[in-house]
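> Below is the structure I would like to discuss, written out as structure tokens.
The values are calculated or read from the model by the stated rules, or taken from the named source; none is laboratory data. What you are looking at is a predicted structure, and each value in this text was computed from that prediction instead of being measured. Virtual Cβ from ideal backbone geometry, glycine too; neighbours counted across all protein chains shown. For accessibility, only protein heavy atoms count, side chains too; no ligands or nucleic acids. Shrake-Rupley method; radii C 1.70, N 1.55, O 1.52, S 1.80 Å.
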Amino acid sequence: MDRRSFLRASTVGAGAAAASTLAAPVYAQGKRTLTMVTSWPRGFAVLDDAASYLEKFVGELSDGNLTIEKKAPGELVGAFEVFDAVSSGQADMYHAADYYFIGQHPGYAYFTAVPFGGTAQEMVNWYYHGGGQELHDELGAIFNLKGLMAGNSGSQSGGWFRNEINSADDFNGLKFRMPGLGGQVLGKLGASVQNIPGGELYQALSSGALDGLEWVGPMADERAGFQEVAKIYYTAGFHEPGSALSANVNLDVWNDLTPQQQAILNYASMATTHYQLAETLANNGAALARLQAQGVKTLQFSDDVWDAFGAASKEVMDENMNDELFAKIRNSFEESLATSASWINKSDGFYVQQRVRVLGQ
């Protein structure tokens, strides 16, 4: 008897099973555990926080009938091996930043962040109300994946450096860690760009294997300890203005879940995104103050450096437009961004400027 037939038979024969002295198998009782491989070492602020909240919320919403078993890098597969593990069915789902996988398809960048892309609010606007979720599904179907947004880091910092960046020329030859299309932009400026898993970054920076790196923001960066080995911190970056995190489920596993289980994963992912983002933004200010108290110098890139970022970003984005699906995703994203920005700039953006001017905060 195949598994679906067994489940139907178990449901029909529920009364008889109740009379049996033998307990029915856990799976037949409707319980399910999903193995989730992640790209985050345990305890990593913001990123592993999001994975942990997803694990927690799914268990609570299902009353324990659907649970997630979270695996850190190395416990089943490596940090950058999670995509292939879930696509092939070695694991049920992964939690990561999808721009790690632009080698599979450049369109995956949009489901984390792209240069000069959307803020966290603009990301969720597009994803839930501008066609982003449907495009995530269309892209994922190529790789046997069902995508869900499950977290957001908010605006990420420009990065940690040993020396100040006074012009775009200072990136030439710089050994710098930046994943995604943002890394390709720095490559256009002459940087030697590397994509190193988060758990290896502190050692790489302290040893000199890296001259600089970007990670997340004050809360996560402080916990990673980068302030111990670098003292120049650029607080605004072009590359990730609102970086989404993703929970991708093996598509065969997803289709085998009940509609209720699918709904639980969907709503738990939404809750994770908003709860974790709020936690991150609520703690970044205090973390930044502590970093400054430890001698960290906070700076902003000059306008000419921002202009160089912009010119190189356009080159990188245009280079991928020969891919039909990338072009479709980009056009959808930019249409949503224009619509969102037309109101945000005239409302929230202007209001914050006036609040700072009038009240100083």
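> Working only within segment 138-159, note down all residues that are surrounded by fewer than 23 Cβ atoms within 10 Å (Cβ to Cβ) and of a type in the set (D, E, K, R).
The answer is 138, and nothing else.
> Here is a list of conditions, (1) more than 22 Å from residue 278 (Cα to Cα); (2) open to solvent by 10 Å² or more (accessible area, probe 1.4 Å); (3) part of a loop (DSSP other than H, G, I, E, B); (4) in contact (Cβ under 8 Å) with a residue 24 or more places away in the chain, and residue 117 meets all of them except one; can you say which number that is?
(1)
> Now a separate question. Out of everything in segment 195-215 that is open to solvent by 50 Å² or more (accessible area, probe 1.4 Å) and touching a Gly at 6+ places or on another chain (Cβ under 8 Å), what residue ends up being nearest to residue 97 (Cα to Cα)?
Checked segment 195-215; the qualifying residue nearest to residue 97 (Cα to Cα) is 195.
> Please find, within segment 160-177, the residue that is surrounded by the most Cβ atoms within 10 Å (Cβ to Cβ) out of those that are over 17 Å from the mean Cα position of the chain (by Cα) and under 17 Å from residue 226 (Cα atoms).
Checking each candidate, the answer is 160.
Here is a yes/no grid of residues against (1) within 24 Å of residue 73 (Cβ to Cβ); (2) polar (S, T, N, Q):
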| residue | (1), (2) |
| --- | --- |
| 207 | yes, yes |
| 218 | yes, no |
| 226 | yes, no |
| 238 | no, no |
| 242 | no, no |
| 248 | yes, yes |
| 258 | no, yes |
| 268 | yes, no |
| 285 | no, no |
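> Hey, any hits in segment 132-148 for a residue that's modelled with pLDDT of 95 or more, within 17 Å of residue 213 (Cβ to Cβ) and touching a Ser or Thr at 6+ places or on another chain (Cβ under 6 Å)?
no
> Moving on to the next point. Suppose we filter 244, 209 for residues that are at pLDDT 95 or above and in contact with a helix residue (DSSP H, G or I) (Cβ under 6 Å, 6 or more places away or on another chain); which single one remains?
So the residue among 244, 209 that is at pLDDT 95 or above and in contact with a helix residue (DSSP H, G or I) (Cβ under 6 Å, 6 or more places away or on another chain) is 244.
> Could you list all residues from segment 293-306 that are open to solvent by 20 Å² or more (accessible area, probe 1.4 Å), in contact (Cβ under 8 Å) with a residue 24 or more places away in the chain and outside any loop (DSSP other than H, G, I, E, B)?
Once the filter is applied, which keeps residues that are open to solvent by 20 Å² or more (accessible area, probe 1.4 Å), in contact (Cβ under 8 Å) with a residue 24 or more places away in the chain and outside any loop (DSSP other than H, G, I, E, B), segment 293-306 yields 297, 298, 299, 304, 306.
> Name every residue in segment 126-137 that is open to solvent by 10 Å² or more (accessible area, probe 1.4 Å), touching a helix residue (DSSP H, G or I) at 6+ places or on another chain (Cβ under 7 Å) and in a helix (DSSP H, G or I), in order of residue number.
133, 135
> Go over the candidates 24, 91, 16 one by one and state the one that is modelled with pLDDT under 95 and part of a loop (DSSP other than H, G, I, E, B).
24
> To continue, here is another question. Inside segment 178-255, counting only helices (runs of 4 or more DSSP H) that do not spill past its ends, which hold 2 or more residues that are within 19 Å of residue 110 (Cβ to Cβ) and under 18 Å from the mean Cα position of the chain (by Cα)?
The qualifying helices (runs of 4 or more DSSP H) are 180-188.
> Now for a different question. Out of everything in segment 54-74 that is in contact with a strand residue (DSSP E or B) (Cβ under 8 Å, 6 or more places away or on another chain) and open to solvent by 30 Å² or more (accessible area, probe 1.4 Å), what residue ends up being farthest from residue 89 (Cα to Cα)?
Here the residue is 65.
> Quickly run through segment 256-292 and pick out the residues that are over 20 Å from residue 223 (Cβ atoms) and either touching a helix residue (DSSP H, G or I) at 6+ places or on another chain (Cβ under 6 Å) or not in a helix (DSSP H, G or I) (or both).
Of everything in segment 256-292, those that are over 20 Å from residue 223 (Cβ atoms) and either touching a helix residue (DSSP H, G or I) at 6+ places or on another chain (Cβ under 6 Å) or not in a helix (DSSP H, G or I) (or both) turn out to be 257, 258, 264, 268, 271.
> Pull up segment 253-285, narrow it to residues that are of a type in the set (Gly, Ala, Ser) and touching a residue at least 24 places away in the same chain (Cβ under 8 Å), then point me to the one that is surrounded by the fewest Cβ atoms within 10 Å (Cβ to Cβ).
Among those that are of a type in the set (Gly, Ala, Ser) and touching a residue at least 24 places away in the same chain (Cβ under 8 Å), it is 285.
> Can you tell me how many residues within segment 101-114 are open to solvent by less than 20 Å² (accessible area, probe 1.4 Å) and outside any loop (DSSP other than H, G, I, E, B)?
6
> Tell me whether segment 311-324 contains one or more residues that are more than 26 Å from residue 125 (Cα to Cα), surrounded by fewer than 17 Cβ atoms within 10 Å (Cβ to Cβ) and polar (S, T, N, Q).
Yes, that holds for at least one residue.
> Search segment 340-361 for residues being open to solvent by 100 Å² or more (accessible area, probe 1.4 Å) and among the polar types (S, T, N, Q), and hand back the single one that is nearest to the chain's Cα centre (by Cα).
Across segment 340-361, the extreme among qualifying residues is 345.
> Sticking with this one: Residues being touching a Ser or Thr at 6+ places or on another chain (Cβ under 7 Å), small (Gly, Ala, Ser) and farther than 17 Å from residue 127 by Cβ: count how many of those fall in segment 97-113.
The number of residues fulfilling the criteria is 0.
> If a residue has to be of a type outside the set (Phe, Trp, Tyr), surrounded by fewer than 24 Cβ atoms within 10 Å (Cβ to Cβ) and not in a helix (DSSP H, G or I) to count, how many in segment 36-53 make the cut?
4
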